[in-house]
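Report on the structure given below.
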C-alpha cells in the first residue's frame, strides 16, 4: 500500500479534470495540441495548465471599446479573454494558473457568468471603467487577475495568465493559444 500526500492527490485530480475535458473549438478543424498539466522544470510543486494549441475565433471582439473585455469559452479547458485598452487589443488565457479553472470577468458591479451561445462561443462581455481595475476572478479558489497584463492580484495563483498572439479577421479576433506573447503586446 502506498501513501499519497494531499498535494499529490489534489494535483492528480486537477490534472485529470483538465485532461479529461474536450470539445469543439472556435473553428471545427482546429483540433491540434493537447490539454493537461505538467510540472515545471524549476522543481517546484506547482503545475501549469496547458491549453490546446488552437485558434479561437472571438466573434465581434474587434469592435470592443476601450475598457471592455470579452470571455470566449470553447470548453472547460479552452477559454480566452480579449480586452481593449487605450493601447489596443490583447488576449489572455481565461484558465486560472492555480488549478486550471475557467475564470469569470468582473467589474465594479460583480462578476459575469458564462452563458453558452452557439453563435458566440459562450462569450460574455463586461464593460469596465478602467482596464487596470477590471479583472478576472477564479470561482474555484478566489484568485484574481488584472486584465491589463494577466498579473495575479490576490488568492493562491502565483503566475500571470498567459498572453496570446491575436490577429483580426473583419470584426472578429483570432486568438492563437499556441503562440504566447509578451503581456504588453497589443494589436
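The values are calculated or read from the model by the stated rules, or taken from the named source; none is laboratory data. Model, not experiment: these values are computed from the prediction. Positions of Cβ are generated from backbone atoms using ideal geometry, with glycine treated the same way; all protein chains shown enter the neighbour counts.
Considering the conditions (1) at pLDDT below 50; (2) farther than 23 Å from residue 54 by Cβ, residue 135 is excluded by exactly one of them, (1). Just so you know, in region 78-100 the residues that are buried (at least 23 other Cβ atoms within 10 Å of the Cβ) and either in contact with a helix residue (DSSP H, G or I) (Cβ under 6 Å, 6 or more places away or on another chain) or at pLDDT below 90 (or both) include one that is nearest to residue 178 (Cα to Cα), and it is 78. Within region 104-125, one or more residues are at pLDDT 85 or above and surrounded by fewer than 21 Cβ atoms within 10 Å (Cβ to Cβ). The single condition among (1) modelled with pLDDT under 90; (2) within 22 Å of residue 185 (Cα to Cα); (3) surrounded by fewer than 22 Cβ atoms within 10 Å (Cβ to Cβ) that residue 158 does not satisfy is (1).
For region 60-77, taking the residues that are under 19 Å from residue 49 (Cβ atoms) and either at pLDDT 95 or above or touching a helix residue (DSSP H, G or I) at 6+ places or on another chain (Cβ under 9 Å) (or both), the one that is surrounded by the most Cβ atoms within 10 Å (Cβ to Cβ) is identified as 72.
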